[in-house]
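Worksheet: one structure, shown below.
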Amino acid sequence: MSIWDEIKGSFKHGTALTRLMYINGAVFLFIKIIEVIGVLTSSPGLATAVISNLAVPASTTALALKPWTPVTYMFTHQGFIHLLFNLLWLWWFGKIFLAYLDQRKLVALYIMGGLAGALLYVIVFNIFPAFASAVNVSIALGASASVMALVIGTAVYLPDLELHLLFFGRVKLKYLALVTFLITSVFDFSVNTGGKIAHIGGALMGLAYGQGLRNGRDFGIWLNRILDFFVSLFKPGKRLRVKYKKTGTAFKAQKTKTDHEYNSAKAERQKEIDHILDKISKGGYDSLTREEKAILFSESQKKG
């Protein structure tokens, strides 16, 4: 099997986290290839033109002409270090997120965090006079707002989850997220101000999303339905039907679940998981019964 086949297989069968990382990497590689072509053809502005059509502009006039950029910017990086750090944090917190929640929520939070970051960036640059001279030339790009939404959202949902950090020992997730937010989004605000504003927008979305999940509400359902619709356009298929066999001492029977029954069972399962996670946040992992630990382990194996 070739490397390309392995990559395609990993993308197709991997988790949503893997796909998000691949998309970010692929866009970065595409930009680097364009830069090489620009050098070879004596067209140094070629890569700049591509980036300007992927990055979100602060100008509302430019944004109206490029309405796709609030989505494309969150997958676009120009510098390797920028990409590397974003992917490292995405992978780290994405793995924590998927240990307790499902992949659809991860995708929804990533995209909504990016959209919130873009929205706040455009609003602030067009409202405050400090940016009047830069609003027509400023652009934002990178997954930082999406990653910040994931960091804050995970910490809000699992505030007392403890991680072991080198040199620091055991640290609760809420403190790690707070320090990360302050360092990357508040400190030295005059440097990369547009990026930091986008970070704050992502953090606010993460805060709302994580708190919503703790209260039993998923603010990303609407986005998942939109994504399902577009996926169905390219991958048509039959309605989902799940078959299972019921066995007894006297007979064996086979029954087919309808979509409604399947979704109802899935919702009940999610309520059970949410109850277990609530116990963890209040009393720690040791407060769980043996059965609850088994359920949590089984669920994490499905989503990892």
Of the residues in the stretch 70-97, those that are closer than 15 Å to TYR110 by Cα and out of contact with any helix residue (DSSP H, G or I) (no Cβ under 6 Å at 6 or more places or on another chain) number 7
- Using the structure shown, decide if LEU106 is closer than 18 Å to GLY195 by Cα and modelled with pLDDT of 95 or more. no
Check: Out of all the residues in the stretch 52-61, is one or more among the small types (Gly, Ala, Ser), in the same structural domain as THR193 (by TED's automatic domain parsing), out of contact with any helix residue (DSSP H, G or I) (no Cβ under 8 Å at 6 or more places or on another chain) and free of Cβ contacts under 8 Å to residues at least 24 places away in the same chain?
Finding: no
Filtering the stretch 99-140 for residues that are under 18 Å from LEU204 (Cα atoms) and aromatic (Phe, Trp, Tyr) leaves a count of 3
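For (1) polar (S, T, N, Q); (2) at pLDDT 90 or above; (3) assigned by TED's automatic domain parsing to the domain that holds ILE111, each residue gets a yes or a no:
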residue	(1), (2), (3)
GLY9	no, no, yes
THR18	yes, yes, yes
ILE23	no, yes, yes
ALA26	no, yes, yes
LYS32	no, yes, yes
VAL36	no, yes, yes
VAL39	no, yes, yes
SER42	yes, yes, yes
LEU46	no, yes, yes
**Asked** among the hydroxyl-bearing types (Ser, Thr, Tyr), assigned to a helix (DSSP H, G or I) and modelled with pLDDT of 90 or more - does that describe any residue in the stretch 186-195?
**Response** yes
Selection from the stretch 164-175 of residues modelled with pLDDT of 90 or more, surrounded by fewer than 19 Cβ atoms within 10 Å (Cβ to Cβ) and not hydroxyl-bearing (Ser, Thr, Tyr) yields ARG170, VAL171, LYS172, LYS174
Within the stretch 79-97, restricting to residues that are surrounded by fewer than 18 Cβ atoms within 10 Å (Cβ to Cβ) and touching a residue at least 60 places away in the same chain (Cβ under 8 Å), the one that is farthest from ILE152 (Cα to Cα) is HIS82
Checked the stretch 104-115 for anything over 9 Å from the mean Cα position of the chain (by Cα) and either of a type in the set (S, T, N, Q) or crowded, with 19+ Cβ neighbours inside 10 Å (or both); matches are LEU115
Could we say that ALA203 is crowded, with 20+ Cβ neighbours inside 10 Å and closer than 16 Å to ALA143 by Cα here? yes
Flagged in the stretch 151-185 as part of a loop (DSSP other than H, G, I, E, B) and closer than 16 Å to ALA99 by Cβ, in numbering order, are LEU158, PRO159, ASP160, LEU161
When the stretch 279-293 is checked residue by residue, the ones that are surrounded by 11 or more Cβ atoms within 10 Å (Cβ to Cβ) and either among the basic types (Lys, Arg) or modelled with pLDDT of 75 or more (or both) are LYS279, GLU292, LYS293
Checklist entry - Does PHE181 satisfy the condition of being surrounded by fewer than 20 Cβ atoms within 10 Å (Cβ to Cβ) and of a type outside the set (Gly, Ala, Ser)? => result no
Test: residue in the stretch 60-79 that is modelled with pLDDT under 95, hydrophobic (A, V, I, L, M, F, W, C) and in a helix (DSSP H, G or I): no
Checked the stretch 82-118 for anything aromatic (Phe, Trp, Tyr) and over 22 Å from GLU292 (Cα atoms); matches are PHE85, TRP89, TRP91, TRP92, PHE93, TYR110
Note on the stretch 214-235: residues more than 15 Å from the chain's Cα centre (by Cα) and either closer than 18 Å to ILE96 by Cα or not in a helix (DSSP H, G or I) (or both) are ARG214, ASN215, GLY216, ARG217, LYS235
- Query: With respect to PHE187, is the statement that it is crowded, with 16+ Cβ neighbours inside 10 Å and over 15 Å from the mean Cα position of the chain (by Cα) true?
  - Reply: no
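The values are calculated or read from the model by the stated rules, or taken from the named source; none is laboratory data. Source: prediction; values computed, not measured. Neighbour counts run over all protein chains shown; Cβ positions are idealised from the backbone, glycine included.
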